[in-house]
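Okay, here's the structure, questions in a sec.
The values are calculated or read from the model by the stated rules, or taken from the named source; none is laboratory data. Note that this is a predicted model, so its numbers are computed, not measured. No Cβ is skipped: glycine too gets one built from the backbone with ideal geometry, and neighbour counts run over all protein chains shown. Areas reflect the complete protein model, heavy atoms only, side chains present, ligands, DNA and RNA absent. Shrake-Rupley method; radii C 1.70, N 1.55, O 1.52, S 1.80 Å.
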Amino acid sequence: MTTSPRPTALITGASGGIGLELARLCAKGNHDVVLVARNRDKLEEISKYLSGMYQVRVEVLPADLREPGAPASIMEEIGRRGLAVDVLVNNAGFGEWGLFGRGDPQRQLDMIQVNITALTQLTRLALPGMVSRRRGRILNLASTAAFAPGPLMAVYYASKAYVLSFSEAVGNELRGTGITVTALCPGPTRTGFADAAGMRETNLFNSPAVMDAAPVALAGYRGMMRGRAVVVPGIANKLLVLSIRLGPRWLVRRISRWLQERRRE
């Protein structure tokens, strides 16, 4: 296998928001990057920008992580292109607002496939190579949602709780191997997520705690490179997580429900 002298970072959900910012930071940090998302045209545009700006190798790999076979196909294609994954950024994910019992069952299953199953598969497939090289960084996108139940976004919140727990556990298992796992837990962030999930009018996304994608990604990138287990960007989000941990569960549920409710005019 012919490999690049630079480490390679694989970023899912790289066509916008936090994923795009993380791809930029990896390229700026002298990583070759593999961009994964559904929109080929957008990825090609980003590829031209990153390769021109940072003089690194940029590979475009369009894929739909809702498809069960996508993670294996991604890793096979990376191998065919002579690359090894040194940094894995599992950023892809989505949510949906509304009562669980009224939601689209297929969309709920797709959410589990992308947020949980694909993330788990990609981590498992990338890990043997990292272990053999005794180096690697894994960054998994969790959320402040990981710390609480989420009425009106039940599946999404539960999926992020999995990501946080999984990341911490695997990171502990890998102590002393040269490989670290970091869970990035942002709060509400200005990306396309809120519009796609139908959350633009919720109390959560109309609070002062909303952050831009760039500082969230920077906190995650720095935490990943330092090998931190959990990163919660922003003072407001840190205080929120602390209050969740200290508060009684009945109160946590009520506050979480209020945050997800749409504003009343």
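Among all the lysines, which ones have a C-alpha under 18 Å from K238's C-alpha, if same-chain residues fewer than 8 places away are not counted?
Straight-distance partners of K238: K160.
Can you give the FRET efficiency for K238 and L109, using 1/(1 + (r/R0)^6), R0 = 35 Å, r = Cβ-Cβ distance, to the nearest 0.05?
0.60
Could I ask something else about it? Could you state the number of Å between the C-alpha centres of region 165-243 and region 1-56?
So the two Cα centres are separated by 20 Å.
Right, next: Starting from the Cα-Cα distance between D41 and K28, subtract it from 0.36 nm times their residue separation and give me the gain in nm to one decimal.
Length gained between D41 and K28: 2.5 nm.
Additional query: Give the cross-link partners of K48 among the lysines, using a straight C-alpha distance below 20 Å as the criterion and excluding same-chain residues fewer than 8 apart.
Once the sequence-local lysines are set aside, what remains near K48 is K28.
Further question on the same structure: Given a 1.4 angstrom probe, what's the average accessible area per residue across the chain, in square angstrom?
I get 48 Å² per residue for this part.
Using the Cα centre as the reference, give the magnitude of the dipole from point charges on the C-beta atoms of the chain (Lys, Arg: +1; Asp, Glu: -1; all else neutral), rounded to the nearest 20 debye.
On the way: 34 positive and 21 negative charges, 163 e Å.
Using only the charged Cβ atoms, the result is roughly 780 debye.
Given a 1.4 Å probe and heavy atoms of the protein chains only, how would you sort L239, L251, L50, L127, largest accessible area at the top?
The ordering from most to least exposed comes out as L239, L251, L127, L50.
A further question follows. How big is the dipole moment of region 1-119 about its Cα centre under a simple scheme where the beta carbon of each Lys and Arg is +1, that of each Asp and Glu is -1, and everything else is neutral? Debye, nearest 20, please.
Value, rounded to 20: 220 debye.
What is the local net charge at I18, summed over the other residues whose Cβ is closer than 12 Å to its Cβ (Lys, Arg +1; Asp, Glu -1)?
In short, 0.
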